[in-house]
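Read the structure below first, then the notes.
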Amino acid sequence: MISRSVCFRNLLQSLRATSSSSKIGCYYGFSSQASSSLQQMCEPSIYRDDDYADLDWDNLGFGIMPTDYMYLMKCSNGEDFEQGQLNRYGNIELGPAAGVLNYGQAVYEGTKVHRKEDGRLLLFRPEQNAIRMKFGAERMSMPSPSIDQFVDAVKQTVLANKRWVPPPGKGSLYIRPLLMGSGQILGLGAAPEYTFLVYVSPVGNYFKEGFAPLNLYVEKEFDRASRGGTGGIKSITNYAPGLKALTKAKNRGFSDVLYLDSVNRKNIEEVSSCNIFIVKGNAISTPAVNGTILPGVTRRSIIEIALDHGYQVEERVIPIDELIDADEVFCTGTAVGVASVGSTTYEGKRIKFKTGAQTVSQELYSTLVGIKTGLIEDKMDWIVEIE
């Protein structure tokens, strides 16, 4: 149990700190009332730094696991977000006419925290997620947190749930910031109120196959995104329409679906949950971000790592014929990391690609994970340490 005097001292130190600081002190509230923050800090559920949640860390999947706290912040339409606070993890209340429920007015993000051997927590490029949320919010006619507010909320949520960060090498803490129109509105229009929340869950590998190469199915009947739509942002409306194709593919034994462009149906665009790359010799290519493809943070990071390793990288239109002729294919995303593709099936024909050790994807993956976990020096200035 943390003593009340220690809690109070930490609280005073924390209140003196600015919310945009790169490091967070030992407190678990963000309330304007010192008394409520003190009470929240000293609750029995606050754990020592060396405590872990009682989980089977060796068998983590990718699913929701309720943790201790989540972060909430609200604002009215036409105003700016000001101050949020940590709350117990649990259900939130929405009216039946909430904009998010009736008109799908929401965007979300995803990032991860890894634990080093010395216990330090490493957050990967959170400002990029904040920038992408602001871009998406503008497209969806919503106010959004500032970059500092976003990053600070993520840090606070991680610290409050520190015992849920897996031990080194056992997984990561997945972070889900969500911005939605929570106010009620009957006619089509922007919601009168907005809620920004952050929750977390410890996770292992995204795909049930673990690190086994993916087996993709090239989808020709359904589209993921169209020109002028919302394919280039993380709108919640992007994902449910893909469930039919994904379920169909998984029922046939495939890992995921690869979509083609909606105009010509001959150029590869994106997998339902991640970006895609092809490798031919020393050249690495990925579809250009053109409004229908999500500008993934992992995608951009892999491009920069590949360039640093001396590869030629192109962002361009990629006909399906080039995919079929590729040496290697791999996918990237926050949830999936870097996942090699063992085969794709197109028009009834299965095409296999190189996988395993000594592949380009393995080289890039090793560097990315090394940076994320602190095993490789972060020369890119991508890591934010939380303490």
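The values are calculated or read from the model by the stated rules, or taken from the named source; none is laboratory data. Keep in mind the model is a prediction, meaning the values are calculated, not measured. Cβ coordinates were reconstructed from backbone atoms using ideal geometry, including for glycine residues, and neighbour counts include every protein chain displayed.
Here are some notes:
- Residue, surrounded by the fewest Cβ atoms within 10 Å (Cβ to Cβ), within region 296-307, restricted to residues that are touching a residue at least 12 places away in the same chain (Cβ under 8 Å) and not β-branched (Val, Ile, Thr): GLU304
- Selection of first residues in region 205-228 that are among the acidic types (Asp, Glu) and of second residues that are not in a strand (DSSP E or B), restricted to Cβ pairs under 6 Å at least 6 apart or on distinct chains, gives the following pairs, ordered by first then second residue: GLU219/ALA245; ASP223/SER262.
- Whether a residue is surrounded by 14 or more Cβ atoms within 10 Å (Cβ to Cβ) and within 30 Å of GLU387 (Cα to Cα) was assessed, and LEU246 does not pass this test.
- Near pairs, Cβ below 6 angstrom, 6+ apart or cross-chain, from region 186-200 (in a loop (DSSP other than H, G, I, E, B)) to any residue that is at pLDDT below 95: ALA190/ASN77; PRO192/ASN77
- GLN312 meets all of the listed conditions (1) polar (S, T, N, Q); (2) farther than 20 Å from LYS112 by Cα; (3) surrounded by 14 or more Cβ atoms within 10 Å (Cβ to Cβ) but one, namely (3).
- Counting only strands (runs of 3 or more DSSP E) wholly contained in region 315-387, the ones carrying 1 or more residues that are farther than 30 Å from ASN267 by Cα occupy 383-386.
A quick yes/no check of all residues on (1) under 21 Å from the mean Cα position of the chain (by Cα); (2) within 30 Å of ILE376 (Cβ to Cβ):
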residue	(1), (2)
TYR89	yes, no
ASN102	no, no
LYS116	yes, yes
ARG125	yes, yes
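- Check on ARG88, out of contact with any Phe, Trp or Tyr (no Cβ under 9 Å at 6 or more places or on another chain) and either without any contact (Cβ under 8 Å) to a residue 40 or more places away in the chain or surrounded by fewer than 22 Cβ atoms within 10 Å (Cβ to Cβ) (or both): no
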